[in-house]
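Peer 1: Structure provided below as structure tokens; questions to follow.
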Amino acid sequence: MKQSTDDQGFWFNEHTGNRIGFFDTVTMVLTEYEIPTRPSDGYIVYPLGIAIDPADSKKLWFSEWNTDKIAVVDRSIPIPFDIHSDVKKVRLSSYNDTAKINIEITRNDSVDITPTNKIVSLRVSSSMEPAAGLVNMTAIFSTDTIDLTEIREETTPQLTLQNHYAPPGNYNLAISATDGSVTKSVFLNLVIE
């Protein structure tokens, strides 16, 4: 993973994830941009060399190693949705302990909603295991897809976490929303006692 610094966060490449990411260190929100190029020899373009545009720190240039291309990601282009959580820490103790977390999804009215970006899916990942899964826990959203054309102000899906003898520890929990092109994730501290 290579990284470059920005005024309030840092850019990085997800070499085998086929994405370019920006982590905002003020809001603690991760935004990942899917690289749309699909090479003839596989799914991944291997983004390598990255550089912040010297004239505009919201732009990141990168090379697509196995497609012989260069590309740019521009953070100033509005994303059709946003995700927030007022909860910063979740504590679960004994077996069958449950936590409910409200997640706020808002629509960005300055972006035209099209058939390709109108559905937002919700996901959960954690630092409990290397593959970013949950260990001995269930995570269920009240709804795991949201149609942006049906949102007028905001929608508040609820995430229910249930402990089934998860290993004690202090973990990061990422709650993500994606339209397939862009993924935004908010992070919570998950404490299993």
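Peer 1: Determine whether Ile175 is within 21 Å of Thr27 (Cβ to Cβ), modelled with pLDDT of 95 or more, in contact with a strand residue (DSSP E or B) (Cβ under 8 Å, 6 or more places away or on another chain) and β-branched (Val, Ile, Thr).
Peer 2: Considered against the rule, which asks whether it is within 21 Å of Thr27 (Cβ to Cβ), modelled with pLDDT of 95 or more, in contact with a strand residue (DSSP E or B) (Cβ under 8 Å, 6 or more places away or on another chain) and β-branched (Val, Ile, Thr), Ile175 comes out as yes.
Peer 1: Being closer than 30 Å to Ile151 by Cβ, among the polar types (S, T, N, Q) and either touching a residue at least 40 places away in the same chain (Cβ under 8 Å) or in the same structural domain as Ala131 (by TED's automatic domain parsing) (or both) is the requirement here; does Thr25 meet it?
Peer 2: Against the criterion (closer than 30 Å to Ile151 by Cβ, among the polar types (S, T, N, Q) and either touching a residue at least 40 places away in the same chain (Cβ under 8 Å) or in the same structural domain as Ala131 (by TED's automatic domain parsing) (or both)), Thr25 does not qualify.
Peer 1: Further question: How many of the residues in segment 130-182 are polar (S, T, N, Q), in a loop (DSSP other than H, G, I, E, B) and within 30 Å of Thr114 (Cβ to Cβ)?
Peer 2: Of the residues in segment 130-182, 4 are polar (S, T, N, Q), in a loop (DSSP other than H, G, I, E, B) and within 30 Å of Thr114 (Cβ to Cβ).
Peer 1: Then there is this: From Trp11, Trp65, Trp61, which residue is over 28 Å from Thr155 (Cβ atoms), surrounded by 13 or more Cβ atoms within 10 Å (Cβ to Cβ) and modelled with pLDDT under 85?
Peer 2: Trp65
Peer 1: Sort through Ile79, Ile20 and tell me the only one that's touching a Leu at 6+ places or on another chain (Cβ under 7 Å) and either under 21 Å from Thr183 (Cβ atoms) or part of a loop (DSSP other than H, G, I, E, B) (or both).
Peer 2: Just a single option satisfies the conditions, and that option is Ile20.
The values are calculated or read from the model by the stated rules, or taken from the named source; none is laboratory data. Fair warning: this is a prediction, and the values are worked out from it, not measured in the lab. In this analysis, Cβ positions are derived from the backbone assuming ideal geometry, glycine residues included, and neighbour counts consider all displayed protein chains.
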